[in-house]
Amino acid sequence: MKPLRARTRVRAPTWLLAALLIQQVTDNHGVTLHVQDPIINTTVSQDIVLAIECLCNGTPSIKWDHMSSRGIQHIIQWKAGSYLNISQSYSDRVHSYENGSIKLLNVGVKDTGFYVVTVTEEFGLTKHGTIVLNVHEILYEDFYFVAVFIAFLAAGSAVLVCFLWICNKCANIYHKKKQLKRVSSAVLILLQSNRIELSEEKQRSVGAKHGYSMATSPSPGTLLTLMFLSQTFTRKKLEALAL
């Protein structure tokens, strides 16, 4: 009889250990935590939702912490139907949801960092999730817009200056052509007057051959001198008008 009693005492703790092991395996698969957006980029003054999906047996305890270069800061911790603790600095800027997500209102550059969520089941099993939040200032976008606008104005002014320069050159070319026409007409008039003088000189020479007086007729050297002076005067006048 004694050996039988010893066997029953050994079997009872074995079944108990097996039951505890099965319960532990079941508990390990009892918490499911999924982070929808691990990295979030936004600008200041926006409302951001740190979304997660949490499924577990029973009612879990959820805690959110903010980790940055300034250290770790507690945001919120709650358990549905039990308690709700919100940090004083986030009292008017955070809103919680039933699935464990939170919403941050009017974020700033100081909110940049890592957001760690901790889900604790009733039996003590915990799981963690991390979301990276990057908050950028709108000032850089405004500066970019101003830089592009200034570059556009500079390009427009450069095009306008080139257009005015081309118009000025065209006007100068037009005035020079007009002056050349005037000078050419003046040269034609001078040439015609020289031809008339030469014809008169020829008539005088013919009259001298027939016995007329040649006292008033100019000599050939004088005629050449007059022609040279008229050409020199015409050239100087052309150069002055060209300038």
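The figures follow:
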{"item": "Residue-span extension gain [Thr32 to Glu122] - 0.36 nm each, minus C-alpha spacing", "result": "31.0 nm"}
{"item": "Exposure proxy order (Cβ contacts within 10 Å, fewest to most) of Ser185, Ser96", "result": "Ser185, Ser96"}
{"item": "Relative contact order (%) - criterion: Cα under 8 Å, at least six apart; region: segment 31-137", "result": "39"}
{"item": "About the Cα centre, charge dipole magnitude for segment 31-137 (Lys/Arg +1, Asp/Glu -1 at Cβ), debye", "result": "220"}
{"item": "Residues Arg182, Arg93 arranged by fewest to most Cβ contacts within 10 Å", "result": "Arg182, Arg93"}
{"item": "Net length gained if the chain between Cys170 and Lys110 were fully extended (0.36 nm per residue, minus Cα distance)", "result": "15.5 nm"}
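No lab work stands behind these numbers, since they all come straight from the coordinates. The structure displayed is predicted, hence computed values, not measured ones. Backbone-built Cβ (ideal geometry, glycine too); neighbour counts: all protein chains shown.
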